[in-house]
Amino acid sequence: HPAGGESLLRALNPEQLAAVTLPAEPALILAGAGSGKTRVLTTRIAWLMQTGQVSPGGVMAVTFTNKAAKEMLTRLGAMLPVNVRGMWIGTFHGLCNRFLRAHWKMAALPQSFQILDSGDQLSAVKRVIKAMNLDEERFVPKQVTWFIAGSKEEGLRPKDVEIRDGQTQKLVEVYQAYEDQCQREGVVDFAELMLRTFELMRDHAALRDHYQRRFRHILVDEFQDTNRLQYAWLKMFAGPPREDGGAVFAVGDDDQSIYAFRGAQVSNMADFEREFRVKHLIKLERNYRSFGNILDSANHLISHNTHRLGKNLRTEAGPGEPVRVQESASDYNEAQWLLEEAQQLHRSGMPRREISVLYRSNAQSRVIESALFNAGVPYRVYGGLRFFERAEVKHALAYLRLIENPNDDTSYLRVVNFPTRGIGARTLEQLQDVARTSGRSLWQSASAISGKGGANLAAFHALIDKLRATTHGLTLREIIEQMLQASGLIDFYRTEKEGADRIENLEELVNAAEAFVTQEGFGKDAVALPVDEQGPGTLSAGLPAAVADVDVTPDAETGEIISPLAAFLTHAALEAGDNQAQAGQDAVQLMTVHSAKGLEFDAVFITGLEEGLFPHENSLSDADGLEEERRLMYVAITRARQRLYLSFSQTRMLHGQTRYNVKSRFFDELPDGALKWLTPRNQGFGSGYARDYQAAWQRGSGLGSMVGAGRQSAWQPPAAPPVPARMVEAAAKQAGHGLRVGQGVFHNKFGEGVVVTLEGTGADARAQVHFGRHGTKWLALSVAKLTPTE
Ligand code: ATP
Ligand code: MG
């Protein structure tokens, strides 16, 4: 190989080295967690460039999350002195967005097309269902949305869907109407980004040739999670096997396939081997991430799955610390315990960003967030109720979107009468009727409305037009500040009872925009660049940092860069928006297991390890579902480098109901020798209950029977569960103070409160009480005077 690549390669083991330096031919790297797949992929990109085999513009690399894409760019930037900003490295959605921005005309989209997030999409579908006069009971908006997304992910337009019965027929009509509506409004949903890009490549030979020639190297991380459309998309960009040595380089791990529920197909791996005529299949077996006990746990657990390609994973690090297991009485206690452990770790020198809290479902984060928040610990949530999805933020974004594109009906409806401007439901229905019959946007139809409603609509239009005119050429910050004032949003929230929080969030939006501008280099002086002779996009290597952004490409014809505002709106829709901690602040990382894929942390907490939650109840009815949950658990465990905590709680408030839990079956699938129980194992308060409950289950009266019936509803313990009542009585008697969990009490100093936890007996008896005013306190019952209030 040409000289120069040496230092890049020094740290690699022989298999990794072989993978990095493979000739430009199709290759598949199949290996377990932490074996260096992503590192190999990143190093290969650097090596290919450094040895002059490809220019930065000739590489496309696909990852699954924004966080992973950012990390890859950072690592690459550290390896090579190239400007990585302009490279085509990103998520499938991010790359499609970029592609469509460059070819918006060909794609029949407005230049400033907007992206619908899942919430927007649902409300758009609801509008279609309503307009078609369909019954929401028969056409449940969520299910219709899945149908549409599912069809698109199969590459099917309405005309391609096979019609089996009357219901499908109607669904297809909704799908068609939804598409028309999106087209009219100039908006696209996530699946549309993929499908539209795919079709554009399929239908335009010149474009296809261009990109197939351009991307000589396509690299895909987490290949096991590609769905059918993504696979077809990759084939489209890769083109037929070629003479000049272009190649797809895929890395993956069948044990980490966790998106089957969304149509991912592990079989894509086998198809890939065959269809791309893979010449090189390399396995990596040494794990560099985790200590022995963590890795043993992962290996042991995953060995319970039957459908595996089979790989080994070993480490040369020692056993390290044991895996710690914690049982709590309630989700509240779990959060308190976790908070204290995390603080302890931080005090002993671990940066907060190296501490991660994982959970199976987003709803679990609230309790943990409030514990961290109350203690003043900076944290950052990925996914979940994202910053950009909060109502007030969405209102603000809607105004911004209307400045960009007044035909965006979703945004129009969101704010036309917010704050109120005397535009009633009747006027809006009338307006929607006119728009429907004429096939035009609401904005375009408003002039047809007469009377007072019409006048108020006109005033709203004047407001938007004026905003557009007065903010032209301003910085993003100035645009947003002007909009917040002129729209009346700030004034509105000033008068609202809970408005202070919302105003804070709106101010945070200004900060987010500011951070976007500095991070993404989207300053006021971002200039239009000429397109070089080689065609669209090939100039990325030479782009000044100020305009080269992962998601923004100059227009293919004019070279025009979309406005900072449009870029920011795209960012808001695409980015898993982060909240709380400011950018760059050292913060504890909270996320679902799904979004932790590919990442690693010094310390990891896996919380809520309870039957029905993890493994999730929806997966329990079939073996495949359970195997997917187990792979998910495997992903969770293998995120940890040094320290791993597994935690479960006897009770948990979820979706407004208290659940009584049995610990996850996964505990039985871990090697005893690797675990250390922080709380006594199978003893005491909760586990007795757990045993009783398990017995009830085996008798068929509990969860078991519900699962047998294939019910998907949130499971509940048998009505009025006999055990908890007994358990609480016993605890109360034991403590000798007559209190019970959930009881209202009065304290002379702290006022009214509710008992959250009871512990200990006699002189040792303690209660944890949540006081409305003074927060939560631990009280020694031999001292504190608590009077029951009920
Ligand atoms: P996952 O399946 O979880 O995505 P992965 O196979 O992609 O894992 P990486 O994230 O690439 O694994 O690597 C895991 C860790 O091991 C990283 O911190 C990486 O830097 C380190 N690592 C990989 N290979 C080596 C090596 N040869 N020497 C030292 N450290 C290595
Ligand atoms: Mg990886």
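For the range 26-45, filtering for residues that are among the polar types (S, T, N, Q) and within 13 Å of Asp253 (Cβ to Cβ) leaves 2. Of the set (1) closer than 26 Å to Leu400 by Cβ; (2) in contact with a Pro (Cβ under 8 Å, 6 or more places away or on another chain); (3) modelled with pLDDT under 95, all apply to Ile129 but (1).
Would you confirm, using the coordinates I've provided, whether Gly77 is small (Gly, Ala, Ser), more than 15 Å from ligand 2 (Cβ to nearest atom), over 23 Å from Phe601 (Cβ atoms) and under 27 Å from the mean Cα position of the chain (by Cα)? Considered against the rule, which asks whether it is small (Gly, Ala, Ser), more than 15 Å from ligand 2 (Cβ to nearest atom), over 23 Å from Phe601 (Cβ atoms) and under 27 Å from the mean Cα position of the chain (by Cα), Gly77 comes out as no.
The residue pairs whose first member lies in the range 53-71 and is under 16 Å from Gln212 (Cα atoms) and away from ligand 2 (no atom under 12 Å from the Cβ), whose second member is of a type in the set (Ser, Thr, Tyr) and not in a helix (DSSP H, G or I), and whose beta carbons are closer than 8 Å, counting only pairs six or more residues apart or on different chains, are Val62/Thr91.
Thr21 - would you say it is of a type in the set (Val, Ile, Thr), without any contact (Cβ under 8 Å) to a residue 60 or more places away in the chain and away from ligand 1 (no atom under 11 Å from the Cβ)? Judged against the criteria, Thr21 is a match. Number of residues in the range 347-378 that are at pLDDT 95 or above and out of contact with any strand residue (DSSP E or B) (no Cβ under 7 Å at 6 or more places or on another chain) equals 4. Hey, any hits in the range 337-351 for a residue that's touching a residue at least 12 places away in the same chain (Cβ under 8 Å) and basic (Lys, Arg)? Looking through the range 337-351, none of the residues is touching a residue at least 12 places away in the same chain (Cβ under 8 Å) and basic (Lys, Arg). When the range 232-278 is filtered for residues that are in a helix (DSSP H, G or I), over 23 Å from the mean Cα position of the chain (by Cα) and of a type in the set (Lys, Arg), the ones remaining, listed by number, are Lys235, Arg274.
For the range 265-280, state whether one or more residues are within 16 Å of ligand 1 (Cβ to nearest atom) and modelled with pLDDT of 90 or more.
So the first thing to find is which residues in the range 265-280 are within 16 Å of ligand 1 (Cβ to nearest atom), and the list is 266, 269.
Those still in the list that are modelled with pLDDT of 90 or more too: none.
Scanning the range 265-280 turns up no residue that is within 16 Å of ligand 1 (Cβ to nearest atom) and modelled with pLDDT of 90 or more.
Scanning the range 133-161 for residues that are of a type in the set (Phe, Trp, Tyr) and part of a helix (DSSP H, G or I) gives Trp146, Phe147.
May I ask you to verify whether Trp104 is more than 16 Å from ligand 1 (Cβ to nearest atom), touching a residue at least 60 places away in the same chain (Cβ under 8 Å) and crowded, with 22+ Cβ neighbours inside 10 Å? No; evaluated as a whole, the condition is false for this residue. Between Ser290, Ser356, Ser330, Ser348, the distinction of being within 16 Å of ligand 2 (Cβ to nearest atom) and either touching a Pro at 6+ places or on another chain (Cβ under 6 Å) or over 29 Å from Ala18 (Cβ atoms) (or both) belongs to Ser356 only. Is there a residue being within 15 Å of ligand 1 (Cβ to nearest atom), on the phi < 0 side of the Ramachandran plot, modelled with pLDDT of 90 or more and outside any helix (DSSP H, G or I) anywhere in the range 37-54? No: the range 37-54 contains no residue that is within 15 Å of ligand 1 (Cβ to nearest atom), on the phi < 0 side of the Ramachandran plot, modelled with pLDDT of 90 or more and outside any helix (DSSP H, G or I).
Quick grid of which residues meet (1) in contact (Cβ under 8 Å) with a residue 24 or more places away in the chain; (2) within 16 Å of ligand 2 (Cβ to nearest atom); (3) outside any helix (DSSP H, G or I); (4) in contact with a Cys (Cβ under 6 Å, 6 or more places away or on another chain):
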{"position": "Ile163", "(1), (2), (3), (4)": "no, no, yes, no"}
{"position": "Gln169", "(1), (2), (3), (4)": "no, no, no, no"}
{"position": "Tyr175", "(1), (2), (3), (4)": "yes, no, no, no"}
{"position": "Tyr178", "(1), (2), (3), (4)": "yes, no, no, no"}
{"position": "Glu192", "(1), (2), (3), (4)": "yes, no, no, no"}
{"position": "Phe198", "(1), (2), (3), (4)": "yes, no, no, no"}
{"position": "Leu207", "(1), (2), (3), (4)": "yes, no, no, no"}
{"position": "Tyr211", "(1), (2), (3), (4)": "yes, no, no, no"}
{"position": "Leu229", "(1), (2), (3), (4)": "yes, no, no, no"}
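Can you tell me which residue is modelled with the lowest pLDDT among those in the range 55-92 that are within 16 Å of ligand 1 (Cβ to nearest atom) and not in a helix (DSSP H, G or I)? Of everything passing the filter in the range 55-92, Thr65 is modelled with the lowest pLDDT. Among all residues of the range 139-152, there is at least one that is under 19 Å from Leu193 (Cβ atoms) and without any contact (Cβ under 8 Å) to a residue 24 or more places away in the chain. A count restricted to the range 652-674 and to residues that are hydrophobic (A, V, I, L, M, F, W, C), over 26 Å from the mean Cα position of the chain (by Cα) and in a helix (DSSP H, G or I) stands at 2.
For first residues located in the range 608-635 and closer than 20 Å to Leu590 by Cα and among the hydroxyl-bearing types (Ser, Thr, Tyr), partners that are part of a helix (DSSP H, G or I) and within 16 Å of ligand 1 (Cβ to nearest atom) and lie 6+ apart or on another chain with Cβ distances below 8 Å form the pairs Tyr634/Asp255; Tyr634/Gln256; Tyr634/Ala298; Tyr634/Leu301; Tyr634/Ile302.
The values are calculated or read from the model by the stated rules, or taken from the named source; none is laboratory data. None of the values given here were measured: they were computed from a predicted structure. We place every Cβ from the backbone using ideal geometry, glycine too, and count neighbours over all the protein chains shown.
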